[in-house]
Amino acid sequence: MPDTPHSLAAPGERWPVVDGIPYLRVESEGLVAVALDHLDAGCPDDALVALLTDQDAWWTGPATDLRELKRLVRERDMLSLREAMALLRMGPVADYFAYRWSDPTYLAGLALIEAHWAEPYAAFELACGIGHYLRDLGARGVACMGADVVFAKCWLARHWVAPLADYVVFDAAATWPIADARFDLTMCHDAFYFLPEQARVAEQLRDVTADAGVLAISHLHNAGYRGGAKGPARSAADWAALFPDAVVHDEAALLGALMERSVPVAVGWRDDPAVEAWSLIEGGPAPRAVVNGLAMPMPDAVLRPNPLLAGDGVRWPSDLYRDEYGAGCLWAQDDATLPTADPVRLRRMVDLPERW
């Protein structure tokens, strides 16, 4: 419950709320105390700078610089998203977020939801990052809440990507502060595979899904993929133990369904070295054709040329990005090999945030 306009309180606990985002990470008592001290003293920007220094436990990139963070906070209404991420020193993660609008994993996730669309009123995304999916859902009138363990990501989402959504920062493996809420659509995209205590997190996701709701989880790495898994992975049998009742798709087939305007065929949990990653649905209707729903920009979207395409070809932001996504980026391939000539469906034209 709120005890001041900038904090929440429970018996024996008090938590900061900065820019409308509650910060509820456990085992971060020192940072919580610093942020609360600044807020109580009437210095919200200092509290914001403090929370922007926080990172997840598996971060191996550079530490933030306080001078750069102060500039970011001071100039936040003028900076682009890419400039903001540079000041946060997000490194390769910044490339992932900046160009996600056309990466195959993101498009397959959109196709997964569209194929099983159940007209949600409210949606929740765990590990929401900077709010890509929340932006697309919010544009269609869905009331959205995003959660992440990194405050800076939710803050970027609020100011640059999906300002209409609500956000909360907490640890997925801890007690969820939204336990009484229920959502028509719950999601975890391109993140579940590296979360701790996955069985517990899966149950938590089910617990916040409404009785007639849909749970969507995308990009679960296949340990038996012949090309080698590009992240923590499990076998089909191991994933099946966590999600025994799911409708399971080959992620590549979801991307194909978007390009071909077809119905993605479920494959079930089976060992297949050709499958790089699986995506799944629990609940909701049987899959339908991916035509002109969530996986395509809104009719009134202002489209811009894909910034990774230039007159002399593709300009990959890094070798790491090319190696991770290049093979699935159909917009980067020769026209003769493509299943469609539609530049929007291919993502040669993209719907970027205004201050991208």
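The values are calculated or read from the model by the stated rules, or taken from the named source; none is laboratory data. Here the structure is a predicted model, which means the values were calculated and not measured. Here the Cβ is made from the backbone with ideal geometry for all residues, glycine too, and neighbour counts use every protein chain on show. To get the accessible areas, we keep the full protein, side chains included, count just its heavy atoms, and leave off ligands, DNA and RNA. Shrake-Rupley method; radii C 1.70, N 1.55, O 1.52, S 1.80 Å.
So that you can scan it fast, the table gives a plain yes or no per residue for (1) modelled with pLDDT of 90 or more; (2) buried (at least 17 other Cβ atoms within 10 Å of the Cβ); (3) in a helix (DSSP H, G or I):
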| position | (1), (2), (3) |
| --- | --- |
| Val17 | yes, yes, no |
| Leu36 | yes, yes, yes |
| Leu39 | yes, yes, yes |
| Leu51 | yes, yes, yes |
| Thr60 | no, no, no |
| Leu69 | yes, yes, yes |
| Met78 | yes, no, no |
| Met85 | yes, yes, yes |
| Met90 | yes, yes, no |
| task | Those residues that are small (Gly, Ala, Ser), assigned to a helix (DSSP H, G or I) and buried (at least 24 other Cβ atoms within 10 Å of the Cβ), I need them from segment 106-141; list them, please. | result | Ala108, Gly109, Ala111, Ala115
| remark: If you go through Ala143, Ala191, Ala157, the only one that is over 27 Å from Leu346 (Cα atoms) and aliphatic (A, V, I, L, M) is Ala143
| request: Just give me the residues in segment 162-184 being among the aliphatic types (A, V, I, L, M), within 20 Å of Arg135 (Cβ to Cβ) and in contact with a helix residue (DSSP H, G or I) (Cβ under 7 Å, 6 or more places away or on another chain), in sequence order. | output: Ala162, Leu164, Ala165, Val169
| said: Just checking, does segment 318-332 include any residue being assigned to a loop (DSSP other than H, G, I, E, B), open to solvent by 40 Å² or more (accessible area, probe 1.4 Å) and at negative phi? | reply: no
| query | Can Ala147 be described as surrounded by fewer than 20 Cβ atoms within 10 Å (Cβ to Cβ) and not in a helix (DSSP H, G or I)? | reply | no
| said: Condition first: free of Cβ contacts under 8 Å to residues at least 12 places away in the same chain and among the small types (Gly, Ala, Ser). Now tell me which residues in segment 83-127 satisfy that. | reply: Ala86
| request: Would you please list the contacts, defined by Cβ atoms under 9 Å and residues six or more apart or on different chains, that run from a residue in segment 230-254 that is modelled with pLDDT of 95 or more and in a helix (DSSP H, G or I) to a residue that is of a type in the set (Val, Ile, Thr) and open to solvent by 30 Å² or more (accessible area, probe 1.4 Å)? | output: Ala253/Val265; Ala253/Val267
| In segment 242-256, is there at least one residue being over 30 Å from Gly138 (Cβ atoms) and either surrounded by fewer than 16 Cβ atoms within 10 Å (Cβ to Cβ) or not hydroxyl-bearing (Ser, Thr, Tyr) (or both)? | yes
| Just a yes or no: is a residue in segment 277-297 under 22 Å from Phe192 (Cα atoms), open to solvent by 60 Å² or more (accessible area, probe 1.4 Å) and in contact (Cβ under 8 Å) with a residue 12 or more places away in the chain? | no
| Does Asp184 satisfy the condition of being surrounded by fewer than 20 Cβ atoms within 10 Å (Cβ to Cβ), within 28 Å of Leu352 (Cα to Cα) and either modelled with pLDDT of 95 or more or among the hydroxyl-bearing types (Ser, Thr, Tyr) (or both)? | no
